[in-house]
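Here the structure is laid out as C-alpha cells; the discussion comes afterwards.
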Amino acid sequence: MNYTLIKDFIDLLQEFETEVQACPDLYPGTIQGFKAWISDKENTEHQMVHLEEPYWEGKENGRTPESAISTLLVHLNRYAKTYSKSAISDSEFSTQEDFIYLINLKAFGEMTKMALIKKNIHDKPVGMLIIARLLRQGLIEQTDSDLDKRSKLIRITERGLQILENQMEKIRQATNIVAGNLNHREKMELIRILNKLDRFHYPIFSRNITSEQLINTVYDEYSFKNLSD
C-alpha cells in the first residue's frame, strides 16, 4: 500500500476542510465540492506558473498585494459611479442606487424592504432613504405581505418600468465602458474572481456585525494566512 500517497491525500483533504470552514459558501463539504476545489486549485497553480507577477504601485517599497487590491477596487467603484452619474444626468434618478433598486425589482420581482436593501449591500438607514425617495416619485409601490402583515412588499410600478426603460440604453453604455478594454476571456476570469470575493464577503455583511467588532471578529474566525498561501 502506498502510504505516502494516502498521507498526501489526507493533507490535501485537511487543506480543503480548512478552506471550507473559513469560506463555507465557496465549496460544499462534499465529494463534488472537493473535486471542484481540486480543479480550481490545479487551474490556479497552472496559471500562476505561466503568469508573470504583475507590478502594482508601491510594490518596490514593500506595498502588499492586499493593499493594492483594496485600493484598485475603491478606484473602480468611483469610476463606475462617474459613468453612472452621466447615464442618469437627464433623468428622474438622483443616484445610481435608484436605478439599481429598480433593476433588481424588475429582475427578481416584489420583495420586502429589507430583502431589497440587503440585495444592494446597503445599511438599513441608507436603503430606507432610497426606498422612500422612489416611493415619493411613484417609481415603486408597497403592499402588505400576505405572510407577515408587519412586512411591506415592494414592487416596481408601470411608471418605474417606463422611466427605467427610458434610461436603459445609457445605462448599458455605462456598464460597457466600465468593462473597459478587457477581452472576453479576461471578463470571464474577472467575474469568477469577483464572484469568489462576493461569496466570501456577503455572509459576513449579512451578520450586521458592529463596526467596532467587525475586523476583530473576522480575523478571529478566518485564517487569512491559509487563504493566501
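The values are calculated or read from the model by the stated rules, or taken from the named source; none is laboratory data. These numbers were taken from a predicted model, which means no experiment stands behind them. Methodologically, a virtual Cβ is constructed for each residue, glycine included, from the backbone with ideal geometry; neighbour enumeration extends over all protein chains shown.
Residues of the stretch 94-150 being of a type in the set (Gly, Ala, Ser), in a helix (DSSP H, G or I) and surrounded by fewer than 14 Cβ atoms within 10 Å (Cβ to Cβ), which ones? Lay out the reasoning, then the answer.
Let us first name the residues in the stretch 94-150 that are of a type in the set (Gly, Ala, Ser), namely 94, 107, 109, 115, 127, 132, 138, 145.
Those left that are additionally in a helix (DSSP H, G or I): 107, 115, 127, 132.
Result: ALA107, ALA132.
Residues that are out of contact with any helix residue (DSSP H, G or I) (no Cβ under 6 Å at 6 or more places or on another chain) and under 20 Å from PHE205 (Cβ atoms): does the stretch 158-165 have at least one? Spell out how you get there, then give the answer.
From the stretch 158-165, those out of contact with any helix residue (DSSP H, G or I) (no Cβ under 6 Å at 6 or more places or on another chain) are 158-159, 161-163, 165; that's our starting set.
Adding the requirement that they be under 20 Å from PHE205 (Cβ atoms) leaves none.
No - not one qualifying residue is present in the stretch 158-165.
Only one residue in THR157, THR143 is under 18 Å from GLU92 (Cβ atoms) and more than 26 Å from the chain's Cα centre (by Cα), so which one is that? Even if it seems obvious, please write down each step before you answer.
Values: THR143 fails: under 18 Å from GLU92 (Cβ atoms).
That would be THR157, the only listed residue that is under 18 Å from GLU92 (Cβ atoms) and more than 26 Å from the chain's Cα centre (by Cα).
Among (1) part of a helix (DSSP H, G or I); (2) in contact (Cβ under 8 Å) with a residue 24 or more places away in the chain, which single condition is SER91 missing?
Result: SER91 passes all but (1).
Where residues in the stretch 151-192 are surrounded by fewer than 14 Cβ atoms within 10 Å (Cβ to Cβ) and among the basic types (Lys, Arg), which of them is farthest from GLU97 (Cα to Cα)?
Once the filter is applied, the top-ranked residue is ARG185.
Report, by residue number, each residue of the stretch 151-161 that is under 19 Å from ALA107 (Cα atoms) and either of a type in the set (A, V, I, L, M) or outside any helix (DSSP H, G or I) (or both).
Result: LYS152, LEU153, ILE154, ARG155, ILE156, THR157, LEU161.
Kindly list, by first and then second residue, each pair from a residue in the stretch 108-135 that is more than 18 Å from TYR202 (Cα to Cα) to a residue that is among the acidic types (Asp, Glu), limited to pairs with Cβ atoms under 6 Å and residues at least 6 apart or on different chains.
ILE130/GLU97
Would you be able to say whether some residue in the stretch 68-90 is in contact with a strand residue (DSSP E or B) (Cβ under 9 Å, 6 or more places away or on another chain) and surrounded by 13 or more Cβ atoms within 10 Å (Cβ to Cβ)?
Our first condition is that a residue be in contact with a strand residue (DSSP E or B) (Cβ under 9 Å, 6 or more places away or on another chain); within the stretch 68-90, this holds for none.
There is no residue in the stretch 68-90 that is in contact with a strand residue (DSSP E or B) (Cβ under 9 Å, 6 or more places away or on another chain) and surrounded by 13 or more Cβ atoms within 10 Å (Cβ to Cβ).
Inspect the stretch 74-90 for any residue being aromatic (Phe, Trp, Tyr), in contact with a helix residue (DSSP H, G or I) (Cβ under 8 Å, 6 or more places away or on another chain), in the same structural domain as THR157 (by TED's automatic domain parsing) and closer than 16 Å to GLY160 by Cα and give the result as yes or no. Quick ask: steps written out before the conclusion?
Step one: list which residues in the stretch 74-90 are aromatic (Phe, Trp, Tyr), which gives 79, 83.
From the residues that got through so far, the ones that are in contact with a helix residue (DSSP H, G or I) (Cβ under 8 Å, 6 or more places away or on another chain) too are 79, 83.
Going one step further and asking which of them are in the same structural domain as THR157 (by TED's automatic domain parsing), we end up with 79, 83.
This time we only want the ones that are closer than 16 Å to GLY160 by Cα, so: none.
Checked the stretch 74-90: no residue is aromatic (Phe, Trp, Tyr), in contact with a helix residue (DSSP H, G or I) (Cβ under 8 Å, 6 or more places away or on another chain), in the same structural domain as THR157 (by TED's automatic domain parsing) and closer than 16 Å to GLY160 by Cα.
Working carefully through the options ASP198, ASP146, find the one that is closer than 20 Å to SER70 by Cβ and among the acidic types (Asp, Glu). Give the steps one after another, and end with the answer.
Values: ASP146 fails: closer than 20 Å to SER70 by Cβ.
Of the residues listed, the single one that is closer than 20 Å to SER70 by Cβ and among the acidic types (Asp, Glu) is ASP198.
Kindly evaluate GLU60 against the criterion of being exposed (fewer than 10 other Cβ atoms within 10 Å of the Cβ), more than 21 Å from the chain's Cα centre (by Cα) and at pLDDT below 90. Before the answer, list the steps.
Numbers: exposed (fewer than 10 other Cβ atoms within 10 Å of the Cβ): yes; more than 21 Å from the chain's Cα centre (by Cα): yes; at pLDDT below 90: no.
In short, no.
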